[in-house]
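Below: one structure, written as structure tokens.
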Amino acid sequence: MTAKKDYDDIPGTYVFDADMSRKGYHLNMFCTSLRQATGREAFKADESGYLDKYPMSAAQKRAVQDRDWNEMLRLGGNIYYTSKLAACDGINFQQLAAMMTGSTQEDYRDMMLKGGRPIEGNRYKSEWEGE
Amino acid sequence: MARITAGVGVSHVPAIGVAMDTGLTDEPYWQPVFAGFEKSRAWIRENKPDVVFLVYNDHCTAFSAAMIPTFALGCAAEFKPADEGWGPRPVPVVKGHQKLASHIAQSVILDEFDLTIMNEMEVDHGLTVPLSIMFGQPKAWPCLVIPLCVNVVQYPAPTGNRCYNLGKAVRRAVDSYEEDLNVVIFGTGGMSHQLQYKRAGLINPEWDKRFLDLLTEDPVKGSQIPHVEYMREAGSEGIEMVMWHVMRGALDADVTEVHRHYHVPASNTAVGHIILENKGNGAKV
């Protein structure tokens, strides 16, 4: 049974609720381990060996190795955790946001300088249909 | 007696800290952001707090997915700036006011707010960026700090109403503390922003402005905004703004808005900032 959630119709958004948290637990705990320099060094030295220490699904491990940021979110990752992996790669929040939206760095920065993504047309999934 | 004299609402965008730490504040991108903080720094020099009660959220730093307290109060003697993945920020260690913190913990718990007590905790940009914004780059922070962490990472965050009422309980706690202290309360985070997935970069200045107006003029109405409205209108990470209601709840019903600053963008985020003074200068309510 899946209860309807009042935030399900927000487009382009994963709400990190308990369902997502359960799904992404080990992925997020792996990301947390990169907060410390020792974790970052060990991961960089042997990515797949390091990932094997965490009981993640094969799809989650693949998403990490492919740096498929949106797939990590779909599989229960939360942005504050996945940003630790990004930091390990030297990627900041704005660069990460550009990648997740499928934009170039330049276009994304430009959009933000012009006031950001407008709310008009971005409130409901129905407004994104046909894209 | 201790008294809460004013409240400060301010974004805690990590890139603001990076800009200060790496000397970029005069760059054209950052200049308008920092210009709006000049008055704030002059104000806080004039109204120097003995203690800042700082409401913020931890970004998976002190807390991992393994443990997610809804409200956690820092009662330690000091709080070290954490390595969040890029190395720790080069800012001073934050010193706590242990006696006042444990007094507040005891008072609000007996007031039925069941806080988690933190006797050891590292602090991340959520706490250190607001201090940098208000105090610049001193060798040591000019006041003691009591951190209150609020979970806004895993849905649901506490409601705006709960946060507002916790602010009232914090006010009662401070009012009943005997030492003569000037306490300023900070609510941090926001404004509109979304950091994740395809809607990242969302900014809603009209909504943000209404939020700031309500904060000053009709805080009870502001505290009733439902979570789905924050997430839809102000972005998934805009939910951080519930923390501003703790600050507002600790102030008088009537306040004087002495400063407001709003700028887009800082990284992915709309920067918002407000300073509210108690008209009665924090006399017991």
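A few remarks follow.
- Selection count where residues are more than 8 Å from the chain's Cα centre (by Cα), crowded, with 24+ Cβ neighbours inside 10 Å and away from chain A (no Cβ under 13 Å), scope segment B:178-196: 3
- Pick from segment A:11-40, criterion in a helix (DSSP H, G or I) and basic (Lys, Arg), ranking: nearest to the chain's Cα centre (by Cα): A:23
- Just so you know, in segment B:1-40 the residues that are within 14 Å of another protein chain (Cβ to nearest Cβ) and in contact with a Gly (Cβ under 9 Å, 6 or more places away or on another chain) include one that is nearest to residue B:261 (Cα to Cα), and it is B:11.
Every residue, every condition in (1) out of contact with any helix residue (DSSP H, G or I) (no Cβ under 8 Å at 6 or more places or on another chain); (2) small (Gly, Ala, Ser); (3) at pLDDT 95 or above, yes or no:
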residue: A:2; (1), (2), (3): yes, no, no
residue: A:22; (1), (2), (3): yes, no, yes
residue: A:36; (1), (2), (3): yes, no, no
residue: A:57; (1), (2), (3): yes, yes, yes
residue: A:66; (1), (2), (3): yes, no, yes
residue: A:84; (1), (2), (3): no, no, yes
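- Checking residue A:28 against (1) away from every other protein chain (no Cβ under 12 Å); (2) at pLDDT 95 or above, the condition it does not meet: (1)
- Tally, over segment B:78-122, of residues that are among the hydrophobic types (A, V, I, L, M, F, W, C) and over 20 Å from the mean Cα position of the chain (by Cα): 3
- Count of segment B:66-112 residues which are under 30 Å from residue A:23 (Cβ atoms) and out of contact with any Ser or Thr (no Cβ under 6 Å at 6 or more places or on another chain): 8
- Candidate set: segment A:102-131, residues that are in a loop (DSSP other than H, G, I, E, B) and touching a residue at least 24 places away in the same chain (Cβ under 8 Å); chosen: the one farthest from the other protein chains (Cβ to nearest Cβ): A:124
- Answer from A:35, A:22 - the residue that is surrounded by 12 or more Cβ atoms within 10 Å (Cβ to Cβ) and in contact with a Gly (Cβ under 8 Å, 6 or more places away or on another chain): A:35
A quick yes/no check of all residues on (1) at the interface with chain A (Cβ under 9 Å from one of its Cβ atoms); (2) surrounded by fewer than 24 Cβ atoms within 10 Å (Cβ to Cβ); (3) farther than 27 Å from residue B:30 by Cα:
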| site | (1), (2), (3) |
| --- | --- |
| B:200 | yes, no, no |
| B:206 | yes, yes, no |
| B:217 | no, yes, yes |
| B:243 | no, no, no |
| B:261 | no, yes, no |
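- Any chance residue B:231 is crowded, with 16+ Cβ neighbours inside 10 Å, free of Cβ contacts under 8 Å to residues at least 12 places away in the same chain and either in a helix (DSSP H, G or I) or of a type in the set (Asp, Glu) (or both): yes
- Breaking point among (1) of a type outside the set (S, T, N, Q); (2) within 14 Å of chain B (Cβ to nearest Cβ); (3) more than 23 Å from residue B:240 (Cβ to Cβ); (4) crowded, with 17+ Cβ neighbours inside 10 Å, for residue A:68: (4)
- So residue A:60, is it more than 19 Å from residue B:15 (Cα to Cα) and assigned to a helix (DSSP H, G or I): yes
- Meeting the requirement of 1 or more residues that are of a type in the set (A, V, I, L, M), under 11 Å from residue B:146 (Cβ atoms) and within 14 Å of chain A (Cβ to nearest Cβ), no strands (runs of 3 or more DSSP E) wholly within segment B:51-123 can be named.
The values are calculated or read from the model by the stated rules, or taken from the named source; none is laboratory data. On a predicted model such as this, the values are computed, not experimentally measured, just so you know. So basically every Cβ, Gly included, is an ideal-geometry build from the backbone, and we count neighbours across all protein chains shown.
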